[in-house]
Amino acid sequence: MFMKTVLADGQAEQQVIREMKARAAGARGDIEQIVRGVMADVQQRGWDAVVEYAERFDGKAPYIVEPKVLDDAYNACDPKLIAALEKAAANIRDYHEQMLVKTWEWNRSGGETLGQTVRGLSRVGIYVPGGTAAYPSSVLMNAIPAKVAGVGELIMVTPPTENMSNEVLAAAKIAGVDTVIAIGGTQAIAALTYGAGFIPQVDKIVGPGNAFVAAAKKLAFGTVDIDMIAGPSEVLVIADHTANPTYVAADLLSQAEHDKLASAVLLTDSMAQAQAISCEMERQAKLLPRWDIIKESVANYGCAIVFDDLKDACRMADVVAPEHLEVVTAAPRELLPYLHNAGAIFLGQYAPEPLGDYMAGPCHVLPTSGTARFFSPLSTDTFLKKTSVIEYTRDALESYAQDIIALAQSEHLDAHANSIAVRFAEENDNENR
Ligand code: NAD
């Protein structure tokens, strides 16, 4: 069998969960040591250190990619690709406009006005990896939610490769990135974290990258905010006997092709279906250019588990908390209430995961490695900050005065109690009238 297939017995599920979680091992110690040194040096010496590291690791000092270069890149792309990027951008934009939380105000009683101002972060940095992992779709998925959230200034950093991807630069133009800077790796994250030369300090850094970038983002956290540290990608498909094995096999392979650590897991209530999907995966995989990667990821982290009842499959899905969860059953909506932990849930046979990767509109930056138990997808929320607003009339404050004083005194914070008491002391009150 191309994909390992087992009957659910309590042990099999636990084994799969253990193997999936073990993929997200931390960065190697030597990488962490290099990154710690670069971050500290940039913090101390600023621009000179940034230039030194950029020249050492990438052979070039950082520079701004001029708008004319973005225009040329846009014009050099296949018009069909530009049309697809613009369609995707429009869908990402309107989905995020739908979910945008706005400033609100509420009057609890006549004299108590409460609310929250919701504002976009002032400045955000987006890391876009170089090399083969430079995905224009990722530029759109990171930059557009930030723009919709009202981020004041969006700075994209990407390594200064000889031939920067035209598609990535075109996506930056379409998404409305304000400045593109050719700088990569730890030095890019350090410059955005502390500010150096013409690279200003940002409030938040988002976007994927290699082990150096991930380790640098971890160290940056606290001085700036970060989105998340992404682990290897994963899909879990719940399918019954009605699912089309050709479709499900194609969807599992679309995840397995990412890299050798990617995980594609099928949960079903039909052994015949599991076998049909596995055969179909083997047939399709052999025709794919990334066969070598797929073969390894399916052998190591792919498997089908056959349950008696799909509700038990849902319980397992909840423990795995996968990045992507497809439900391909006769009535997928009926299982939705049983599914609590997933980055994105795709319902039915016409919502395959690549629809979400590229076009539907929800962001494809999703929590991995079981963190969907407590993390949410990247969205406008990622780029917003909220501030509470409190306004009381004298009468409204007086109605709570004794309660506040009692609470403050119980904590031995007399100045707190006093702050309330002075407002209602008769002599002060008379003076102020
Ligand atoms: P990258 O931009 O992440 O890293 C390149 C930088 O790493 C260089 O600019 C250099 O400064 C630094 N670097 C490399 N070797 C170094 C060394 N020995 N010492 C110090 N610094 C060094 O690009 P990449 O390396 O091609 O990796 C891309 C990563 O992005 C992959 O790990 C991929 O899995 C990940 N990824 C991308 C996406 C996406 O959506 N595009 C999603 C998930 C993961």
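Taken together, the values in this text are just the output of simple stated rules run on the coordinates, not laboratory data. As the structure is a computational prediction, the values presented were derived from the model and not from experiment. Here the Cβ is made from the backbone with ideal geometry for all residues, glycine too, and neighbour counts use every protein chain on show.
For the reader, a short list of remarks on this structure follows.
- Pair residue 6, residue 425: separation of 7 Å Cα→Cβ label points (nm): 7.3
- Here the Karplus curve 6.51 cos²θ - 1.76 cosθ + 1.60, taken at θ = phi - 60°, turns the phi angles of the stretch 73-85 into couplings of 4, 4, 5, 7, 6, 4, x, 5, 5, 4, 4, 5, 5 Hz, with x standing for Gly and Pro.
- Entries in 4/260; 173/217; 102/173; 60/204 that, when Cα-Cα distance is taken, lie over 22 Å: 173/217; 102/173; 60/204
- Qualifying GluC sites (Glu not before Pro) in the stretch 92-188, where qualification requires a DSSP coil assignment and no more than 16 other C-beta atoms within 10 Å, comprise 162.
- Once exposed loop chymotrypsin sites (Phe, Trp or Tyr not before Pro) are cut out (DSSP; at most 13 other Cβ, 10 Å), longest piece of the chain: 1-197
- Restriction of the trypsin sites (Lys or Arg not before Pro) in the stretch 48-131 to DSSP coil positions whose beta-carbon has at most 15 other beta-carbons within 10 angstrom yields 102.
- Square roots of 5 times each gyration tensor eigenvalue, C-alpha, the chain, largest first, Å: 44, 32, 21
- Counting only alpha carbon atoms, the long axis of helix 291-301 and the longest principal axis of the chain meet at about 70°.
- With Cα atoms, 0 to 90° folded angle of helix 211-220 axis to the chain main axis: 10
- The string of couplings for the stretch 52-58 from the Karplus curve (6.51, -1.76, 1.60, θ = phi - 60°) is 4, 5, 4, 6, 5, 8, 10 Hz, one whole number per residue in order, with x for Gly and Pro.
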